[in-house]
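A.B. asks: This is the structure, below, for whatever I ask next.
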Amino acid sequence: MRRRIRSAGTGTGRGWFWSAVAIAVGVRTALLGAGCCVAAALWWQFAHHGAGALAAHGFAMGGALVLATVSVAGGLLAGRSLIRALRATIGFARHVRRHTLTLPSGAAAIAGELGLADRVAMIGSATVFAVTYGLSRPRVLVSSALVGTLEPAELRAVLAHEAEHVHGHDPLRTLVLRAVGLHQFYLPLLADLRKRFALARELAADRRARATAGTAPLAGALLKVVDGPVWLQTTPTAGMGTAAMLDARIAQLEDRPARATRPSTGRLALTIAGIVLLGWALAGSVLLLAITPLTCMPSVS
Amino acid sequence: MALGALEREIMRVCWQAGGPLTVRDVRDELNGTRATPLAYTTVMTVLSNLAKKGLLDRTHRGRGYVYTPAVADEAAIAVRDVLRTYGDAAVTHFAEHAAADPDLRRRLRRLLDGPA
C-alpha cells in the first residue's frame, strides 16, 4: 500500500507562493492583454502618420512603445527560460536513470518508512549531497557518499526533509515562480517573494525532519553537507544567499526567531519606479487606444 | 558541460593523484601511456581551461601553478552543471556549502552536542 506523504505544520510557504504567482500573472496578463491592441494601435498610427505620430502624441506613443516592448520581450525571454529549464530537468532525470545504483537495504528501509519507497535514487559520487528533482512525480537523489557518511538517524533526517519537498512538489512550484516572475526586472521585489517562498519551504522541511529524527541528527547532517566542497553552490538566482538561509534554518533549530530580512532600500526604490513606469506605460496605452480608430476599439473623435 | 577526451583524461589523472599536481606532473603521467607525447603547452592550456570552467582549483606555487580537483567525480560535474545552469528551477537541495562561516558551523556543532 502506498503511504501518503503529508506536509508538515504551518508556515509552509503557500502564502508566499500564491502571492508571487498572483502578482506576476496579473502583471503579465495585463501586459499581454493590452499588448495585442497596443501593437495594432501603434501600427495604425505609424502607418497613417509616420514618425509624426511620435510628435503628435508623445505621451501616448511613448507609453505604448514601452508597454509593447516590455510585454513582448518579457514573454519571449520567460518562454525561452522555461524551455531551457524543462530540457535541463529532463536531461538531469535521464542522467540519473543511467547512473542509478542500488540503494543499500538500510537506506531503502528508512525511505519506505517515510513514504519514499521507490522514490529515492542513489548515484555514485564522493560528494555528500541530496536533492529533490522532477516535476510531475518528484524524486530524491542521494549520493553514495551521503549514504555512506551519515549515521542512520542523520539519513532519516535528510530523507524526511526531502519528503517535504516531494510532497510539496517544490521543484515544480519553484519552476512556476521562475517562469511567471522572471524577466519582470522592473519589479525586483518579486524576486524577494521567491526567496521568502524558498525559505518557508526549507523551514517546513526542517520541521518535518526534526519531528521525525530529532534536532541533533538534523544538525549533524547539515554539518556534514555544508562542510563539503563548493561544487554544489549554485549561481545565486532566486534563492537566498547560502549563509542567510542556513542562519535562518539553524535559528529555527535553536528555537530562536530568525534575523528579520527586509528588502534593501534600493530594491524597494526600483520596484516603486517600476510600478510608476508601468503605470505610465499603461496610461499612455489606454490613451493611444482611445485616440486610434481601430475597429475593435471605440474611438474618440 | 561536455568534456573533451583530453579534458576527461586530465581530470582522471587529477582525481587519481590525491594531491596537487603541476603541469609537468600531469604531462608526465599522460605521456607515460601515449604513443605521441603531448606538448607542455598543450597540457597547460587544457589545465587552464579546466580551471576556468571551475573543475580544477589553481594556486600559485613558486613560479608556476598547481592544480587540484574542484569536483569529486564525473557524476558531480553533471549534477553541478544542471544546478548551476538552471539554479533551483529543476531541483531543491538539502543544503549548500556554507563557505567558511565558522559561526554557523559552531552553532551546528552546539546543536549536535545538545539535547535531541
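The values are calculated or read from the model by the stated rules, or taken from the named source; none is laboratory data. As the structure is a computational prediction, the values presented were derived from the model and not from experiment. Ideal geometry is used to build each Cβ from the backbone, glycine not excepted, and the neighbour counts take in all protein chains shown.
A.B. asks: Could you check how many residues of region A:1-32 are β-branched (Val, Ile, Thr), under 30 Å from A:Arg210 (Cα atoms) and either at pLDDT below 70 or exposed (fewer than 14 other Cβ atoms within 10 Å of the Cβ) (or both)?
C.D. replies: Of all residues in region A:1-32, those β-branched (Val, Ile, Thr) come to A:5, A:10, A:12, A:21, A:23, A:25, A:27, A:29.
Now narrow it down to the ones that are under 30 Å from A:Arg210 (Cα atoms): A:5, A:10, A:12, A:21.
From what is left, the residues that are either at pLDDT below 70 or exposed (fewer than 14 other Cβ atoms within 10 Å of the Cβ) (or both) are A:5, A:10.
Here the count works out to 2.
A.B. asks: Could you check, for region B:64-77, whether at least one of its residues is away from chain A (no Cβ under 11 Å), at pLDDT 85 or above and part of a loop (DSSP other than H, G, I, E, B)?
C.D. replies: If we filter region B:64-77 for residues that are away from chain A (no Cβ under 11 Å), which is where we start, we get B:64-67.
Checking which are at pLDDT 85 or above leaves us with B:64-67.
Remaining after also requiring part of a loop (DSSP other than H, G, I, E, B): none.
Checking region B:64-77: not a single residue is away from chain A (no Cβ under 11 Å), at pLDDT 85 or above and part of a loop (DSSP other than H, G, I, E, B).
A.B. asks: Here's something else I'd like to know. Say we look at region A:213-230 and pick out the residues that are touching a Phe, Trp or Tyr at 6+ places or on another chain (Cβ under 9 Å) and not in a loop (DSSP other than H, G, I, E, B); which of these is modelled with the lowest pLDDT?
C.D. replies: Restricting attention to region A:213-230, the residues satisfying the condition of being touching a Phe, Trp or Tyr at 6+ places or on another chain (Cβ under 9 Å) are A:221-222, A:225, A:228.
Remaining after also requiring not in a loop (DSSP other than H, G, I, E, B): A:221-222, A:225.
Numbers: A:Ala221: 91, A:Leu222: 89, A:Val225: 81.
Ranking the qualifying residues of region A:213-230, first place goes to A:Val225.
A.B. asks: Can I ask one more? For the condition within 14 Å of chain B (Cβ to nearest Cβ) and within 22 Å of A:Pro188 (Cα to Cα), what is the one hit in A:Ala73, A:Ala78, A:Ala93?
C.D. replies: Being within 14 Å of chain B (Cβ to nearest Cβ) and within 22 Å of A:Pro188 (Cα to Cα) holds for just one of A:Ala73, A:Ala78, A:Ala93, which is A:Ala78.
A.B. asks: So which of A:Thr127, A:Thr149 ends up being among the polar types (S, T, N, Q), out of contact with any His (no Cβ under 7 Å at 6 or more places or on another chain) and over 19 Å from A:Ala213 (Cα atoms)? Before you say what the answer is, go through the steps one by one.
C.D. replies: Values: A:Thr149 fails: over 19 Å from A:Ala213 (Cα atoms).
Answer to the selection: A:Thr127.
A.B. asks: Taking region B:59-74 as the region of interest, how many residues are within 19 Å of B:Arg27 (Cβ to Cβ) and buried (at least 17 other Cβ atoms within 10 Å of the Cβ)?
C.D. replies: Number of matching residues: 4.
A.B. asks: Only residues that are within 22 Å of A:Arg94 (Cα to Cα), in contact (Cβ under 8 Å) with a residue 60 or more places away in the chain and at the interface with another protein chain (Cβ under 9 Å from one of its Cβ atoms): list them for region A:135-181, please.
C.D. replies: Within region A:135-181, A:Leu146, A:Pro171, A:Thr174, A:Leu175 meet the criteria.
A.B. asks: Could you run through region A:113-128 and say how many residues are small (Gly, Ala, Ser) and within 13 Å of chain B (Cβ to nearest Cβ)?
C.D. replies: Qualifying residue count for the region: 4.
A.B. asks: With within 27 Å of the chain's Cα centre (by Cα), assigned to a helix (DSSP H, G or I) and under 19 Å from A:His161 (Cα atoms) as the only criterion, which of A:Ala88, A:Ala93, A:Ala111, A:Ala121 stands out?
C.D. replies: The match here is A:Ala111.
A.B. asks: Those residues that are more than 19 Å from the chain's Cα centre (by Cα) and either of a type in the set (Gly, Ala, Ser) or surrounded by fewer than 17 Cβ atoms within 10 Å (Cβ to Cβ) (or both), I need them from region A:59-85; list them, please.
C.D. replies: If the condition is that a residue be more than 19 Å from the chain's Cα centre (by Cα) and either of a type in the set (Gly, Ala, Ser) or surrounded by fewer than 17 Cβ atoms within 10 Å (Cβ to Cβ) (or both), then A:Phe59, A:Ala60, A:Gly62, A:Gly63, A:Ala64, A:Ala68, A:Thr69, A:Ser71, A:Val72, A:Ala73 are the ones that fit.
A.B. asks: If you check A:Ala107, A:Ala78, A:Ala64, A:Ala68, which single one turns out to be touching a strand residue (DSSP E or B) at 6+ places or on another chain (Cβ under 9 Å) and either touching a residue at least 40 places away in the same chain (Cβ under 8 Å) or under 30 Å from A:Ile291 (Cβ atoms) (or both)?
C.D. replies: Working: A:Ala78 fails: touching a strand residue (DSSP E or B) at 6+ places or on another chain (Cβ under 9 Å); A:Ala64 fails: touching a strand residue (DSSP E or B) at 6+ places or on another chain (Cβ under 9 Å); A:Ala68 fails: touching a strand residue (DSSP E or B) at 6+ places or on another chain (Cβ under 9 Å).
Criteria check complete, one pass: A:Ala107.
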